[in-house]
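Quick notes on the structure that follows.
Please treat every number below as a calculation from the coordinates, not as lab data. Just so it is clear, the structure is predicted and the values come from calculations on it, not from any experiment. Glycine gets a Cβ as well: all are built from the backbone with ideal geometry, and neighbour counts include every protein chain shown.
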């Protein structure tokens, strides 16, 4: 995610913080300073950091459960509205998705139980309804009571069946287990999620809810639509071999070619990345448009392609499922994957070409009611 900076690795997973999160800390610190000076400012910042440590543990619950099913997590990013764990893929088994989705709120429940036990050992504890009172009542309580309240609210809020939140994923898992149709279950869960988004937005704008609910509603609405579209893509590409979608009319370069030849290819076609081949078609590198522009600025058009190309590059096999190669393409930071058998170039896989294939399949299905 842009404007995100890695601050640590936890359980082998990169932990990133978005720049807007730092703005939140500054805003909380400034507000605390205005109310009670430096002590209040420090207390407010420390409380926010503690809350987001809980959020990290929540996201780790998802990530480590997914790892048990062989699904790695790309990273965890902290945003002002919470945390996001980006899994390499979502499981196609609804039972696995159910366990992954419920793992985060389970972490919050476990933390709440531990905090309640600590408070019980240190003195009398108020009723649960009092501990989960609205935010205005929290500021006069101890840090442990506040964190207990945060965990209870996080668990309850995340279990709201608003897809793609945890509760929405639980809903989709149950629908998929009942119907056996993952695509239909996703569409239904997405519609439910968007209904909740409308309710949150209305409450935030016209009710007594926080204006933050409007941003959460936007996140849910866009997330539900994106998840439904991604599932439709997965269903369309399911079982399709890569060789049916790849570009076979590929312009290539040799390591000894001048960069001016790559410029000619870019101007004469829509291709942006170029496999670099030698010895009758053996791929030895890839020249991306970004690398080409940088090399042109630094070395000029006469510099050889071999000095600017990437020698560490990913490839795809023509017989592998396209979804598998597509996931690799989305995470490699490149625009195209050379499709090879051995090291011999057979074609090129690009997101644009996959999009064209999707449009063709949609047209062949005909208009939907």
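What's the extension gain from residue 344 to residue 153 if we count 0.36 nm per residue and subtract their Cα-Cα distance?
63.2 nm
Separation between the residue 222 and residue 361 pseudo-spin-labels, each 7 Å from Cα along Cα→Cβ, expressed in nm?
Reported label-point gap for residue 222 and residue 361 is 2.6 nm.
For 114, 192, what's the fewest-to-most ordering of other Cβ within 10 Å of each Cβ?
The order, fewest Cβ neighbours first, is 114, 192.
In whole Å, how far is the Cα centre of segment 327-368 from that of segment 82-121?
35 Å
Arrange the peptides 157-168, 305-316, 5-16 so that the one whose residues have, on average, the most other Cβ atoms within 10 Å appears first.
Highest mean packing first, the order is 157-168, 305-316, 5-16.
May I ask you to sort 221, 3, 203 by Cβ crowding, counting other Cβ atoms within 10 Å and putting the fewest first?
3, 203, 221
How big is D for segment 24-107, in µm² s⁻¹ as a whole number, if Stokes-Einstein is applied with the Kirkwood radius of its Cα pairs at 4 °C and 1.567 mPa s?
Reported coefficient: 91 µm²/s.
If I stretch the segment between residue 263 and residue 88 completely, what's the gain in nm (0.36 nm per residue apart, minus their alpha carbon distance), one decimal?
Between residue 263 and residue 88, full extension yields an extra 59.5 nm.
So how do 33-41, 147-155 stack up, highest first, on mean other-Cβ count within 10 Å?
Those peptides, ordered most packed to least, come out 147-155, 33-41.
Starting with the fewest neighbours, write out 216, 360 ranked by other beta-carbon atoms found within 10 Å of each beta-carbon.
Ordered from fewest to most neighbouring Cβ atoms within 10 Å, 216, 360 come out as 360, 216.
So what is the relative contact order of segment 247-317, in percent, for Cα pairs below 8 Å that sit 6 or more residues apart?
It comes to 36 percent, rounded to a whole number.
Rounded, prolate or oblate for segment 24-72? Axes are the square roots of the Cα gyration tensor eigenvalues, ordered a ≥ b ≥ c, and the cut-off for rounded is a/c under 1.5.
Cα axes put segment 24-72 in the prolate bin.
Using 7 Å Cα-to-Cβ label points, what is the residue 22/residue 320 separation (nm, one decimal)?
3.7 nm
Give me the Å³ per residue figure for the convex hull around the C-alpha atoms of segment 242-365.
Spelled out: Cα convex hull of segment 242-365, divided by residues, is 104 Å³.
Counting residues in the chain as N, plug N into 2.2 N^0.38 Å and put the Cα Rg over that result.
Expressed relative to 2.2 N^0.38 Å, the Cα Rg reads 1.22.
Within segment 4-237, what percent of beta bridges assigned by DSSP are antiparallel, to the nearest 5?
Counting DSSP beta bridges with both partners in segment 4-237, the antiparallel share is about 75 percent.
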